[in-house]
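Have a look at the structure below, then the notes.
The values are calculated or read from the model by the stated rules, or taken from the named source; none is laboratory data. The structure displayed is predicted, hence computed values, not measured ones. Cβ coordinates were reconstructed from backbone atoms using ideal geometry, including for glycine residues, and neighbour counts include every protein chain displayed.
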Amino acid sequence: MNRHTLVSRQAVQRTSWDRLRWFSPNSPGTQQPDTQWHDWLMNPSSLTRRLQQASHNRFRVEQLSQQVVKPALNEASLLKMHSQQYALVRQVLLYGGDQPWIFARTVVPFTTLNAGNRHLLKLGNRSLGSVLFKYPHIRRAPIEICHADPGNGFFTDFVWGRRSIFEIHQSPLLVTELFLDNFCQSQQLKPLAK
């Protein structure tokens, strides 16, 4: 395990997911991504496919955790779950070469698993995108974004993040992707203005 993975694992374990401030793109009074970032954040196609291309096929997934826990309150609300309900929560790092580029978190309600989606329990080190985008009738809700804010108590080695709900077999799951500093540097994207 390299130093970056260790730092990210420690950081996500003490993270409060309710402290991230999510907003719709073009919301008034919010910092907006520049054109290059907008392309990465708002692109509705498979992030896995794009990362494979950007890394010259040196892409891999490392599963950090998969457990049954209560989602953060804002995640439960978005998924229309009761605040005391449990869900399957999977956390992974997506690598370009030997650098972690993206931290991804997936929240899957039990109702979704029980609606013909139990294969999501067995992804291991495969990307969720490699499964999701094979469904011909997948639906994706509008994307929300957030940016790093040292005041939110969240780990700060990410620059921008996005999340959205996917529906497979008319059942929802929430996918959150945080673009890490290493990704920003590798793609020569501008960091957030201080």
If we scan the range 129-145, do we find a residue that is assigned to a helix (DSSP H, G or I), within 15 Å of residue 22 (Cα to Cα) and not hydrophobic (A, V, I, L, M, F, W, C)? no
Assess whether residue 163 counts as being modelled with pLDDT of 85 or more, under 17 Å from residue 19 (Cβ atoms) and either out of contact with any helix residue (DSSP H, G or I) (no Cβ under 7 Å at 6 or more places or on another chain) or not in a strand (DSSP E or B) (or both). yes
Residue list for the range 162-194, filter: free of Cβ contacts under 8 Å to residues at least 12 places away in the same chain and either within 15 Å of the chain's Cα centre (by Cα) or under 15 Å from residue 101 (Cβ atoms) (or both): 185, 188
I want to confirm something. Restricting to the range 32-43 and keeping residues that are surrounded by 12 or more Cβ atoms within 10 Å (Cβ to Cβ) and among the polar types (S, T, N, Q), which single residue is modelled with the lowest pLDDT? 32
Scope the range 171-194; condition part of a helix (DSSP H, G or I) and surrounded by fewer than 17 Cβ atoms within 10 Å (Cβ to Cβ); matching residues: 185, 186
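Starting from residues that are closer than 20 Å to residue 73 by Cα and at pLDDT 90 or above, keep the ones in the range 138-160 and report whichever is surrounded by the fewest Cβ atoms within 10 Å (Cβ to Cβ).
142
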Suppose we keep only residues that are among the small types (Gly, Ala, Ser) and either closer than 22 Å to residue 180 by Cα or surrounded by fewer than 21 Cβ atoms within 10 Å (Cβ to Cβ) (or both) within the range 86-110. Which one would you say is nearest to the chain's Cα centre (by Cα)? 104
Residue within the range 30-41 that is under 20 Å from residue 191 (Cα atoms), outside any strand (DSSP E or B) and hydroxyl-bearing (Ser, Thr, Tyr) present: yes
Got a number for residues in the range 69-90 being closer than 19 Å to residue 144 by Cα and polar (S, T, N, Q)? 2
Go through the range 60-85 residue by residue and tally those that are more than 16 Å from the chain's Cα centre (by Cα) and either surrounded by 15 or more Cβ atoms within 10 Å (Cβ to Cβ) or basic (Lys, Arg) (or both). 3
